[in-house]
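Have a look at the structure below before the remarks.
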Amino acid sequence: MKRILAFGGSTSSKSINKKLAAFALSQMNGTEKVMLDLNDFEMPLFSVDLEREIGIPGEARQFKSQIEQADGIIMSLAEHNGSYSAAYKNIYDWVSRIEGNMWEDKPIFLMATSPGARGGKSVLQAAGNRLPFQGGKVVATFSLPSFKDNFGEGEGITDDQLMEQFEEQLAKFQDNL
């Protein structure tokens with residue numbers, strides 16, 4: 001059975017990206033599902049000086065272990081000022097110090113959503129360009145615009161056209177596992 005790791009790239013208790021990642025994970029039939037919460041990986045802000053002083057935090061090693069155990073990764077990144085959230089970036093910075101091939105060439109379904117009409121497209125572009133340099137094999141992408149208009153609690157994606165696009169990308173991801 002394939003093990004799928006998912007997370008939303010935010011520490012907000014009401015993270016819409018965590019909701020989207022959880023929805024995507026729920027659509028993966030016949031898999032072992034692991035949903036991470038970035039709050040469980042809180043670490044000091046990365047710096048080379050701090051790394052020399054304290055070494056790699058255990059939380060970074062735990063996150064890396066989750067990647068190692070996964071067959072595929074679903075991530076839905078929050079967009080803060082056109083880029084990653086500070087919490088996700090800090091985890092990324094620490095874990096990438098363990099091994100340059102941080103994502104281990106695992107297939108990634110890269111998503112984003114936002115309250116606005118662009119649906120986190122800037123962070124999708126940034127991550128899509130960056131992840132391959134650390135072994136991220138982005139095989140599918142999806143942007144959900146206007147989250148409150150297109151996603152319902154207990155329903156998932158409510159717009160038929162957007163749901164069709166999501167299902168096409170999910171199928172691509174599954175084909176690459």
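Computed values, structure above
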item	result
Orientation-averaged projected area, Cα convex hull of the chain (nm²)	9.5
Nonlocal amide H pairs with Phe151, under 5 Å, H built at 1.01 Å	Thr158
Positive-pole candidate from Asn129, Leu77, Asn29, dipole of the range 2-175, charges at beta carbon	Asn129
Helix-only mean residue ellipticity at 222 nm for the chain, each DSSP H run of n ≥ 4 adding -39500 (n - 2.57), per residue, nearest 500	-12500 deg cm²/dmol
Amide hydrogen neighbours beyond the local backbone of Met111, cut-off 5 Å, H modeled	Met75, Ser76, Leu77, Phe142
Distance violations [Cα-Cα > 20 Å] among Lys2/Lys148; Lys19/Lys148; Lys19/Lys137; Lys89/Lys121; Lys89/Lys137; Lys2/Lys89	Lys2/Lys148; Lys19/Lys137; Lys2/Lys89
Which of Thr158, Leu177, Ile67, positive extreme of dipole for the chain (C-beta unit charges)	Ile67
Rough spin-label spacing in nm, given labels placed 7 Å along Cα→Cβ, for Glu104 and Leu177	1.6
Beta bridges by DSSP in the chain, antiparallel share as percent, to the nearest 5	10
Karplus (6.51, -1.76, 1.60) ³J(HN,Hα), θ = phi - 60°, over the range 119-134, in Hz, Gly and Pro reported as x	x, x, 4, 5, 5, 4, 5, 4, 5, x, 7, 8, 3, x, 6, 10
Gyration tensor verdict on the range 32-116 (Cα atoms; rounded if a/c is under 1.5, prolate if a/b is larger than b/c, oblate otherwise)	oblate
For the range 156-169, Karplus couplings with θ = phi - 60° (6.51, -1.76, 1.60), whole Hz, Gly/Pro x	x, 6, 9, 7, 4, 5, 5, 5, 5, 4, 4, 4, 4, 6
Sites matching chymotrypsin sites (Phe, Trp or Tyr not before Pro) across the range 123-172 that sit in DSSP coil, with at most 13 neighbouring C-beta atoms within 10 Å	none
Arg3 versus Gln69: modelled label distance in nm, points set 7 Å from Cα along the beta carbon direction	0.5
Coil-residue trypsin sites (Lys or Arg not before Pro) of the range 1-88, DSSP, other Cβ within 10 Å capped at 15	Lys14
Average Cα contact separation per residue, the chain, under 8 Å, 6 or more apart, as relative contact order %	22
Spacing of the two label points (7 Å from each Cα toward its C-beta) at Asn39 and Ser122, in nm	2.7
Nonlocal amide H pairs with Gly120, under 5 Å, H built at 1.01 Å	Ser114
The range 18-88: GluC sites (Glu not before Pro) in DSSP loop, at most 13 other beta carbons within 10 Å	Glu42
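Only the coordinates and a few stated rules stand behind these numbers; no lab work does. For clarity, every value in this text was computed on a predicted model and none was experimentally measured. Please note: Cβ atoms are built from the backbone with ideal geometry, for glycine as well, and neighbour counts cover all protein chains shown.
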